[in-house]
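For reference, the structure discussed in these notes is given below.
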Amino acid sequence: MTKKSLLLVGFVFVCSLALAGTKSYSIVFEHPVAVGAVQLAPGEYKLTVDNGTATFTDVHTKKAVSAPVKLETANQKFAGTAVDTVSNGKTDCVLAIQLGGSTTKIKFATAAATHSGM
């Protein structure tokens, strides 16, 4: 292989790793929920987190909404994805989500600030 071909193969490999690095998580909400300042209808969502932003994409309609998050790192991996909520009348507010298979916990600033007294 020439030097140019080797560089091209290396570049394609690094780009494919970067694209594969964004992991998604499946989240199902049985009731309407507030995620930060965003309202989500009941249903199944694909959750991705990137640069302090959580994006929820409805798996059926493909509509996506985003909310700012604060990331925390736990000492060990979470066994499964878990959603921490608090009830606020008819709507549950998502305070945090532990991402299964990772050490990442995402916290929603707006909801956490609103419900910190609970």
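Coordinate-derived values only; no laboratory data. Owing to the predicted nature of the structure, the values given are computational and were not obtained by experimental measurement. As a convention, Cβ positions derive from the backbone with ideal geometry for all residues, glycine included, and neighbour counts pool all protein chains shown.
Structural remarks
- Projected label distance in nm at residue 48 and residue 103, using a 7 Å step from Cα toward the beta-carbon: 2.5 nm
- Nitroxide proxy distance, nm - points 7 Å out along Cα→Cβ at residue 24 and residue 84: 2.7 nm
- Ascending count of other beta-carbon atoms within 10 Å, so fewest first, for 97, 27: 27, 97
- Residue exposure sequence - 84, 92 - by fewest surrounding Cβ within 10 Å: 84, 92
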